[in-house]
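Peer 1: Let me begin by handing over the structure; questions about it come next.
The values are calculated or read from the model by the stated rules, or taken from the named source; none is laboratory data. The structure presented is a predicted model; accordingly, all values stated were derived computationally and were not measured. A quick note on method: Cβ atoms are made from the backbone with ideal geometry, for glycine too, and the neighbour counts reach across all protein chains shown. The area values use the complete protein model at the heavy-atom level, side chains included, leaving out ligands, DNA and RNA. Shrake-Rupley method; radii C 1.70, N 1.55, O 1.52, S 1.80 Å.
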Amino acid sequence: MSSSTHPSMPLKQKKPLAYYLKRDWRLLVIISLPFTYYIIFNYAPMFGLIMAFQNFKAGRGFLGSEFVGLKYFLQFFQSIYFPRLVRNTLLLNVYGLLFSFPIPIIFALLLNNIMNIRVKNTIQTIVYFPHFLSSVIVVGMVVNMFSVNGGVINIILKQLGMATHSFLSDPGSFRPLYVGSEIWQRFGFSSIIYLAAIMSIPQEMYEAAVIDGATRFQMMLRITLPSILPTITICLLLQLGGMMSVGFEKVFLLYNESTYETADVISTYVYRRGLANAEYSFGAAVGFFNSVVNFSLLIIFNTIARRVGETSLW
């Protein structure tokens, strides 16, 4: 029978947009919440970047303020504080990358090898808890431990017959205190993403390794670690893209004038000049410079990761 005798198949009609809006309105409402958040707090404020190129006056507004070009960028680059700010910001991030980044990965690998579920859940609860403490509480705990008068560490040193030390006013102690408190507060919660990646590894791979006589350590090195390598790469790229940003709250609460040499970073300097001294255009210029450098670093490292391996952000 020829194909001409077959009745033609009805073409699938395209439904109007109103149909999909009515069908999926619940999902649209849910997704509209984060979408609205990013529009209001991340994209709408970008219009304020025009302040970086103006001598902004609140009474005149964005459109009425005098345009000064790159004046405030040059002020920042020529400032005597510029080398110190960039050095401190980069060093805190480099130390965080060297010490803070590997610990959640190692912890996730070790935790995955604990067979007792009750012990495993108890450890997870203990290490996750510090993440939910505010920076104020964490800094308060650091102060109580390392203060000269009544600090736990100095009390122990005194009991051992050793000289006490003013950790909080010592520029050389700031970076270890900052990085150490960050590790304690963040590593447990940061390990969740690696544990989730480990859970997605097919169990058949481990069963085959057991049959071949592989030990737990060999399975961790040859199966688990290579399987979560794409996740590690993505997290590493995200952290490298923020090398010029340091959490403002903890630095601001932990530093003082005697530790400015090693503790003063770009974000705290912007706070003092941009908000405390009401130099809004200068603060906007420094913040804009910071964002451009971070964005450039993200593009550079993502390009390198795409050419070297198969995993990248885009």
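Peer 1: With the requirement that a residue be β-branched (Val, Ile, Thr) and either assigned to a loop (DSSP other than H, G, I, E, B) or modelled with pLDDT under 90 (or both), what does segment 178-205 give you? Lay out the reasoning, then the answer.
Peer 2: As a first pass, look at segment 178-205 and keep what is β-branched (Val, Ile, Thr): 179, 183, 192-193, 198, 201.
Listed by number, the list holds a single entry, Ile201.
Peer 1: Would you confirm whether or not segment 262-285 contains a residue that is farther than 28 Å from Pro176 by Cβ, open to solvent by less than 70 Å² (accessible area, probe 1.4 Å), out of contact with any Gly (no Cβ under 8 Å at 6 or more places or on another chain) and at pLDDT 90 or above?
Peer 2: yes
Peer 1: What is the one condition in (1) surrounded by fewer than 10 Cβ atoms within 10 Å (Cβ to Cβ); (2) assigned to a helix (DSSP H, G or I); (3) of a type outside the set (Lys, Arg) that Phe62 does not satisfy?
Peer 2: (1)
Peer 1: Quickly run through segment 82-96 and pick out the residues that are open to solvent by 40 Å² or more (accessible area, probe 1.4 Å) and either within 30 Å of Ile228 (Cα to Cα) or among the polar types (S, T, N, Q) (or both).
Peer 2: Passing the criteria: Leu90, Leu91, Val94, Tyr95.
Peer 1: Here's a follow-up. Being at negative phi and part of a loop (DSSP other than H, G, I, E, B) is the filter; apply it to segment 206-239 and report the residue that is most open to solvent (accessible area, probe 1.4 Å). Steps first, please.
Peer 2: Step one: list which residues in segment 206-239 are at negative phi, which gives 206-212, 214-239.
Add one more test, that the residue is part of a loop (DSSP other than H, G, I, E, B), and what stays is 212, 214-215, 228.
Details: Asp212: 129, Ala214: 33, Thr215: 72, Ile228: 0 Å².
So, considering only residues that are at negative phi and part of a loop (DSSP other than H, G, I, E, B), the one most open to solvent (accessible area, probe 1.4 Å) is Asp212.
Every residue, every condition in (1) out of contact with any Lys or Arg (no Cβ under 8 Å at 6 or more places or on another chain); (2) open to solvent by 40 Å² or more (accessible area, probe 1.4 Å), yes or no:
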{"residue": "Tyr72", "(1), (2)": "yes, no"}
{"residue": "Ile80", "(1), (2)": "yes, yes"}
{"residue": "Phe129", "(1), (2)": "yes, yes"}
{"residue": "Val138", "(1), (2)": "no, no"}
{"residue": "Ile156", "(1), (2)": "yes, yes"}
{"residue": "Asp170", "(1), (2)": "yes, yes"}
{"residue": "Glu182", "(1), (2)": "no, yes"}
